[in-house]
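Single-structure report; data block below.
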There are 4 protein chains.
Amino acid sequence: MIEQLYSKSFASDNHAGAHPAVLEAVSSANTGDAPAYGDDRWTATLAEQIHAEFGDQATSLVVLNGTGANMVALSLMLERRYHAIICPETAHIATHETGASERVLGVKLVTVPTPAGKLVPADVTARLGGRGNISEVQPRVVSISEVTELGTCYTPDEIAALAETAHDNGMLLHMDGARIANAAAFLGCSLRALTTDAGVDVVSFGASKNGALVGEAVVVLRPELAEAGAYLRRQTLQLASKMRFVSVQLSALLTDELWRRNAVHANAMARRLADGVADLPGLGIQWPVESNAVFASLPTEAISELQARYLFHTWDAPRGIVRWMTAFDTSPDDVDIFVNDIHQTLKRLAG
Amino acid sequence: MIEQLYSKSFASDNHAGAHPAVLEAVSSANTGDAPAYGDDRWTATLAEQIHAEFGDQATSLVVLNGTGANMVALSLMLERRYHAIICPETAHIATHETGASERVLGVKLVTVPTPAGKLVPADVTARLGGRGNISEVQPRVVSISEVTELGTCYTPDEIAALAETAHDNGMLLHMDGARIANAAAFLGCSLRALTTDAGVDVVSFGASKNGALVGEAVVVLRPELAEAGAYLRRQTLQLASKMRFVSVQLSALLTDELWRRNAVHANAMARRLADGVADLPGLGIQWPVESNAVFASLPTEAISELQARYLFHTWDAPRGIVRWMTAFDTSPDDVDIFVNDIHQTLKRLAG
Amino acid sequence: MIEQLYSKSFASDNHAGAHPAVLEAVSSANTGDAPAYGDDRWTATLAEQIHAEFGDQATSLVVLNGTGANMVALSLMLERRYHAIICPETAHIATHETGASERVLGVKLVTVPTPAGKLVPADVTARLGGRGNISEVQPRVVSISEVTELGTCYTPDEIAALAETAHDNGMLLHMDGARIANAAAFLGCSLRALTTDAGVDVVSFGASKNGALVGEAVVVLRPELAEAGAYLRRQTLQLASKMRFVSVQLSALLTDELWRRNAVHANAMARRLADGVADLPGLGIQWPVESNAVFASLPTEAISELQARYLFHTWDAPRGIVRWMTAFDTSPDDVDIFVNDIHQTLKRLAG
Amino acid sequence: MIEQLYSKSFASDNHAGAHPAVLEAVSSANTGDAPAYGDDRWTATLAEQIHAEFGDQATSLVVLNGTGANMVALSLMLERRYHAIICPETAHIATHETGASERVLGVKLVTVPTPAGKLVPADVTARLGGRGNISEVQPRVVSISEVTELGTCYTPDEIAALAETAHDNGMLLHMDGARIANAAAFLGCSLRALTTDAGVDVVSFGASKNGALVGEAVVVLRPELAEAGAYLRRQTLQLASKMRFVSVQLSALLTDELWRRNAVHANAMARRLADGVADLPGLGIQWPVESNAVFASLPTEAISELQARYLFHTWDAPRGIVRWMTAFDTSPDDVDIFVNDIHQTLKRLAG
């Protein structure tokens, strides 16, 4: 454990605390009894907000964490034991969920190398050669992350093209939206434009990285998939007994587009950070900065020096790439101090 | 959804809200950045409290819900794919987790009929006949619930006898302690007396039913089992990113034995309820009232009438048995009003 | 390993060798090349025989062993991850497959105590109380064994009643027919009468215990379930590459009702054995002798003495029950020698 | 189904029938009773032959098919639920087992692109960056195929280097030896040189493709892994009841090195085929011909024409690559007729 953080963390948007409005919402829900397991009025309110945001056919399942959201979402979509998922090889489900897809769902991930974390329709069709071959798994779900794990965003048109390709081939489209708020903020569009209107079938709708304490939701946009949801959430260890305290957090973020304000700010801080270091010799920005993440390549010595003072992750050690993330509560000063230190460090090492 | 609760719910201790001290603790932890995934000072404090309560060899894994606690706990204990679990047929893992044991862990539960939800050593030894038979699963874990699902408690000696039987036969003892606080309160003993000192190997340590918002812990008392814990928690969908907000809740309950005060009160309310209806003709108390649950048999009509006014579950419809639960925030008035109504209802129906 | 068998084994019908006609059939299929994985003419012939025996809508999937047949059969029937199977607690899938149902399928078995290994419709309906409760698994399949593990048989009417109950409740009926031949022989009916005509949906059709070398089949009687079969057989490790050599064995047994002749003989030998010991003091026949198994209770000393000279299994050690099985190649002399020895042994010990 | 094969099949070595010596061996084992499940003298004899071939510490588990062998072998080696397997992306376990690894074992395969189906030590070490990261699976097994799926062979030194890398990093080495006989034949070495002496821990030892009817074996070379084998084989649906009939086939192949004679012949036929087409314009041999497979690129029209007359698989449709396999019973004439036809076809199309 790092006993004390010297500065704002740039390691992850989940190093941030909760947004004050979220905390207030939780307190406000503590009004004595309420039915458990979602049969409460806060969860009912959230359902209405989800309808307003994603459309009337949307069903929402409040869950406990991001991996849980993905596993519940995918379990709804995988009808057969031999169905498989096509996803980028950088997908969170493929890289950072300790094999939950394989272990908990028993599913094979057919992973696709991509230039910047984003699938294109041809990636999907190129993996359908084994259709009807009983020795091969049968792709049933295309899973994309919006924002991607590399900080890039799919446009609504790009998503729609993938949805069309999936549907044309008897498949479904899943979106890991752990940072969907940041995408909608970057693209200046609604959540609906990125999901329902683009043909997404099920969304893992993220809240933790946007200012919640604990909790996410699965939003099912294809009604026939929703029926099994309550059973699968329970079985997949994602049912909160006192659900109101999770629902009310999502509700707070959905009220007056708090989610967007948080995301716009976080994105702006990443932009400020990227701009601040853009011209530095020896430092290269990887992938377009389209959300609240900046991926940069630096000399190894600079990384070590900076990590002694700031929390951030090395993304790809052999290639010297680090990830810097901002959050709803990152301040311009936090960024400027960090940018300044990066400048000094690189200059000193170059010297 | 029942829009409005007419009265205190007797349906479950998770109908209650959060204890105010828990909410305050959550707020107090919202102090800006903290490392994610448990590398924070609140989780460190909790670890110390767990040491104080369960002994220095105890490792604690904060998790998200009760089924999750059980699955993480059991996954630590099941070494081989053909290992099995012996448990009462009333065990929560066997009846109310939508088959998570079989689906998520892939394990067979060898279930034992019991008179009041409690295993005895002979139940275990009677199920070891298939030892060494390659066509049979091999029991590796004995799982008991303290408090049981029928509201009864194991004494420390009873637990120790089960632990000894388990260990003598190369097995481990798991305790589903969703309501362990109520057991310690009823028995007037420490948590340690029921667990570490009795030879329990891993405990699912409950918090939600005792006044938390969301979250539980797995307490590993056999150090060699702990190593895999962090991986298995992540894979089993139980890792909170902003863990501090869960840890601090457990911390609040462990501070100055708030957990015990909550449990003592809830138990007293169940006692008051049981005593209030004890002599009623047509009503029979099932199983000893040793925690915050009262199981009673009533005429079907009385059940229907009362359920129109109060929230509580029918436990066994064919036998006319209902479950009434109290919580840390059930008041004597809540109980007295309910008792009075039960009296009136039964009298009217008898009339 | 018992180096040498002193006499005919009464331990299991799989101690017998292969019927000569089966061996000849295997040799006859070794005619150079044939497509692999079932695309051969022997498998096509078998498919026709299966149609003739079970009806035109029957699809057959050749598999490798009995547990494999059960797992493939059940995997076709379990649509949802939270579906469960109702079966007798003596079911082979519940007791002697090392937890394959739980581990390979991830399914909970809801086991029912029965007097003689046979379910009745009320056993099924009594286990539907949790329908719609998201905390409980949802029964989807009723699984019965014909012959049962206790050597008893369901009549066609009894099977039809279970099928009707299953279907009326949105469930399917599976039959573990490892010894279905012995049931048809005992009841003097066709295979079809026990399956298709009685409403069974999927059958594990046994061959090994009836004279085959290796191999069984899954017979799917509900066409909409068949589509996934080829994928699931492959994934469930039950696809034979040179399938002709398995198919041709089943074909041989289905030719001129060799299966029935083998079963009639084995049953007659069990009857002869049971009759031969029926009046012996100290020996009790358990359960009606309706196939090729005799379950008898004997004094422990007698069991030990006899097991020194004959191969047979102790079924229930605490209750002193043993199982004696006959096979297609058990001779009347084999039985008479054994019967005589049982007489002598019990007399000597009684003396 | 192709009703009739016009010629020798070049589709797969499992299109061939059984070697006559294998069939004779099966007949010779049909001598009345024998204990089931491997407690018979033929299985004991096989165990001795396996000792002679692989060394005294070798334990053999007879199984039913190749995927079954791989699943049993890997299940022995994967101690933890978060352990993973590193293998080439062309591995049979990754491509042609309908996701059995993920579904039956619940394990993630970390797949590596390779030039010719062969891993090198650096491929392994490059995938260990996530060691100790609880969000990532932890590689525990390296799995290689000998012969590879592309027909190439690892030398004993190459295998030893991989074993050393695996062991140095706390991992184990699995060999999918479905065609290990062909490798030993090509390399002119013993089975032991490729396995025990090279440091392999567990081998899937193939028999079907080498002339058996049905059946393979798992050979465990690290004794501490063997203990769980019998349970895992049963649970993984790979236990033959009348095991003698499978064991005796492997025994026949191991007697007087019949396996090697079969493999030497099959390899020679592939060599003859490759040599026969080597200089043809428009045809390119892919990957070195080191076993009984020839991979060739041809114009699409040529493929179509030839497939109308000969059975063989298109391996990579977009790149126009086909696979031609020979078997123990492929004759020089079979090859010459095929070669001649390929010549004529390409000439005609070029014309």
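The values are calculated or read from the model by the stated rules, or taken from the named source; none is laboratory data. Since the structure is predicted, the reported quantities are computational estimates derived from the model, not experimental observations. Reconstructed Cβ throughout: ideal geometry from the backbone, glycine too, with neighbour counts over all protein chains shown. In case anyone asks, the SASA skips ligands and DNA or RNA and just uses the protein heavy atoms, side chains included. Shrake-Rupley method; radii C 1.70, N 1.55, O 1.52, S 1.80 Å.
Collect residues whose amide H, placed 1.01 Å from N in the peptide plane, falls under 5 Å from the amide H of D:A84; neighbours closer than 5 in sequence don't count.
D:Q138, D:R140, D:V141
Roughly how far apart, in whole Å, are the Cα centres of region C:174-216 and region B:142-203?
47
Applying a 10 Å radius around every beta-carbon, put C:150-160, C:298-308, D:131-141 in order of their mean neighbour count, most first.
Put in order of decreasing packing, that is C:150-160, D:131-141, C:298-308.
Which order do peptides B:82-93, A:318-329 fall in by mean Cβ count within 10 Å, highest first?
So the peptides B:82-93, A:318-329, ranked by packing, come out B:82-93, A:318-329.
Grab the residue from chain B whose Cβ hugs the B-to-C rotation axis most tightly, plus its distance in whole angstrom.
Residue of B nearest the axis onto C, distance in Å: B:E102, 2.
Which value in Å does the Kirkwood hydrodynamic radius of the protein assembly as shown take, with 1/r averaged over all unlike C-alpha pairs and then inverted?
33.7
As a test of the definition: with a 1.4 Å probe, what buried accessible area, both sides summed, do you compute for D against C, in Å² to the nearest 100?
That pair hides around 4700 Å² of surface in total.
Return the whole-Å distance between the Cα centroid of region D:239-299 and the Cα centroid of region A:235-273.
Spelled out, the Cα-based centre of one part sits 60 Å from the other.
Put a dot 7 Å past each Cα toward the Cβ at B:Q49 and D:D341; how far apart are the dots in nm?
That separation, rounded to one decimal, is 7.8 nm.
Tell me the carbon and sulfur percent of the accessible area for region D:259-350, rounded to whole percent, probe radius 1.4 Å.
The nonpolar share, carbon plus sulfur, comes to 53 percent.
Using a 10 Å cut-off on Cβ to Cβ distances, tally the other chain neighbours for every residue of B:32-44 and report the average as a whole number. Could the numbers behind the result be given before it?
Numbers: counts 7, 16, 8, 10, 9, 5, 2, 4, 5, 4, 0, 1, 2.
What the average comes to for B:32-44 is 6.
Roughly how large, in nm² to one decimal, is the mean projection of the convex hull of the alpha-carbon atoms in region B:26-74?
Directional mean of the projected Cα hull area for region B:26-74 stands at 4.3 nm².
Averaged across the residues of A:125-131, what count of C-beta atoms belonging to other chains lies within 10 Å of each residue's C-beta? Intermediate results must be reported in sequence, preceding the final value.
Details: counts 0, 1, 0, 0, 4, 3, 0.
The mean count of partner-chain Cβ atoms within 10 Å per residue comes to 1.
Put a point 7 Å out from Cα along the line to Cβ at B:H167; what are the distances to that point in the other copies, in nm, shortest first?
Inter-copy label distances (nm, one decimal, shortest first): 3.7, 5.7, 6.2.
Quick one: give the max-minus-min coordinate of the C-alpha atoms of region B:304-351 along each principal axis, largest first, in Å.
31, 25, 15
How big is the charge dipole of region A:259-350 about its Cα centre, in debye rounded to the nearest 20, if each Lys and Arg gets +1 on its Cβ and each Asp and Glu gets -1 on its Cβ?
Values: 9 positive and 11 negative charges, 32 e Å.
Value, rounded to 20: 160 debye.
Spelling out what I want: for every residue of region D:59-73, take phi, set θ = phi - 60°, compute 6.51 cos²θ - 1.76 cosθ + 1.60 (Karplus), and round to whole Hz; glycine and proline get x.
Once rounded to whole Hz, the list reads 10, 10, 10, 6, 10, 9, 8, x, 5, x, 4, 5, 5, 5, 4.
Could you pull out every residue, at least 5 positions away or on a different chain, whose amide H is within less than 5 Å of the one on A:D176? Hs are placed 1.01 Å off N in the peptide plane, and Pro or chain starts have none.
A:I144, A:S145, A:E146, A:S204
Just how large is the dipole of chain A about the Cα centre, in debye to the nearest 20, putting +1 at every Lys and Arg Cβ and -1 at every Asp and Glu Cβ?
Charge dipole of chain A: 600 debye, to the nearest 20.
Taking the Cβ of B:E102 as the centre, find all other residues whose Cβ is under 12 Å away and add up their charges (Lys, Arg: +1; Asp, Glu: -1).
Computed value for this residue: +3.
Report the normalised scattering of region A:14-104 as log10 I(q)/I(0) at q = 0.13 Å⁻¹, calculated by the Debye formula with identical scatterers on the alpha carbons.
One equal scatterer on each Cα of region A:14-104 leads to -0.68.
Give the whole-number value, in cubic angstrom per residue, of the convex hull volume spanned by the C-alpha atoms of region D:192-351.
Normalising the Cα hull of region D:192-351 by residue number yields 156 Å³.
Amide H neighbours of D:W315 under 5 Å, at least 5 residues apart or on other chains, H built in the peptide plane: list them.
D:I321, D:V322, D:R323
When the Cα centres of region D:19-33 and region B:18-77 are compared, how far apart do they sit, in Å?
64
If you split all Cα-Cα distances of region B:20-257 into 5 Å bins from zero, what percentages do you get per bin, shortest first?
1, 7, 15, 20, 21, 16, 11, 5, 3, 1, 0, 0
From zero outward in steps of 10 Å, how is the percent of C-alpha pairs of region A:241-281 spread across the bins?
26, 29, 22, 15, 7, 1
Rounded to the nearest 500 deg cm²/dmol, what is the calculated helix-only ellipticity per residue at 222 nm for chain C, with -39500 (n - 2.57) per DSSP H run of length n ≥ 4? The partial results should precede the final answer.
Working: 13 runs with 134 residues, N = 351.
One gets -11500 deg cm²/dmol as the mean residue ellipticity at 222 nm.
Would you list the P(r) distribution for region D:74-153, with all Cα-Cα distances sorted into 10 Å bins from 0 and each bin expressed as a whole %?
19, 51, 28, 2
Taking a quarter of the surface of the convex hull around the Cα atoms of region D:176-277, what do you get in nm²?
Reported value for the Cα convex hull: 7.5 nm².
Listed here are the pairs C:K108/D:K209; B:K108/C:K209; B:K108/C:K242; which of them are more than 29 Å apart at the Cα?
C:K108/D:K209; B:K108/C:K242
Before I look further, what does region D:259-350 give for accessible area per residue, probe 1.4 Å, in whole square angstrom? Write out the running numbers ahead of the final one.
Working: 4040 Å² over 92 residues.
Per residue, region D:259-350 has 44 Å² of solvent-accessible surface.
Tell me, what HN-Hα J-couplings in whole Hz come from the Karplus equation 6.51 cos²θ - 1.76 cosθ + 1.60 at θ = phi - 60° for each residue of region B:159-168, using x for Gly and Pro?
Along region B:159-168, the couplings run 5, 4, 5, 5, 5, 4, 4, 4, 5, 4 Hz.
Taking a point 7 Å out from Cα toward Cβ as the label site, list the nm distances between C:H313 and the same residue in every other copy, smallest first.
The answer, with the shortest distance listed first, is 3.8, 3.8, 5.1 nm.
Given D:H96, D:G188, D:L225, which one lies farthest toward the positive end of the charge dipole of region D:20-257, if we put +1 on the Cβ of every Lys and Arg and -1 on the Cβ of every Asp and Glu?
Toward the positive end, the furthest listed residue is D:H96.
Probe of 1.4 angstrom, ligands and nucleic acids ignored: what's the accessible area per residue over region B:20-257, in square angstrom?
Spelled out: the 1.4 Å probe surface of region B:20-257, per residue, equals 27 Å².
Assign unit charges at the C-beta atoms only (+1 for Lys and Arg, -1 for Asp and Glu), then state the dipole size of the protein assembly as shown relative to its Cα centre in Debye, rounded to the nearest 20.
0
Please compute the average number of Cβ atoms from other chains found within 10 Å of each residue's Cβ in peptide A:82-94. Before the final figure, lay out each step's value.
On the way: counts 13, 2, 3, 0, 0, 0, 0, 1, 0, 0, 1, 0, 1.
Counting Cβ atoms of other protein chains within 10 Å of each residue's Cβ and averaging gives 2.
For region D:140-199, what size does the Cα cloud have along each of its three principal axes, sorted from largest down, in whole Å?
If we take the Cα atoms of region D:140-199, the spans are 31, 21, 13 Å.
From the label point of A:G188, set 7 Å along Cα to the beta carbon, how far off in nm is each other copy's matching point, shortest first?
From this label point to the equivalent ones elsewhere in the assembly: 7.3, 7.4, 8.8 nm.
Show me A:166-176, D:183-193 ranked by packing, highest mean number of other Cβ atoms within 10 Å first. Intermediate results must be reported in sequence, preceding the final value.
Values: A:166-176: 21.3, D:183-193: 19.7.
Going by the mean number of other Cβ atoms within 10 Å, highest first, we get A:166-176, D:183-193.
Over all directions, how big on average is the projection of the convex hull of the alpha-carbon atoms in region C:259-350, in square nanometres?
Working: hull surface 21.9 nm².
The Cα convex hull of region C:259-350, projected and averaged over all directions, gives 5.5 nm².
Given a 1.4 Å probe and every protein chain left where it sits, what share in percent of the accessible area of region C:137-196 is carbon and sulfur?
45
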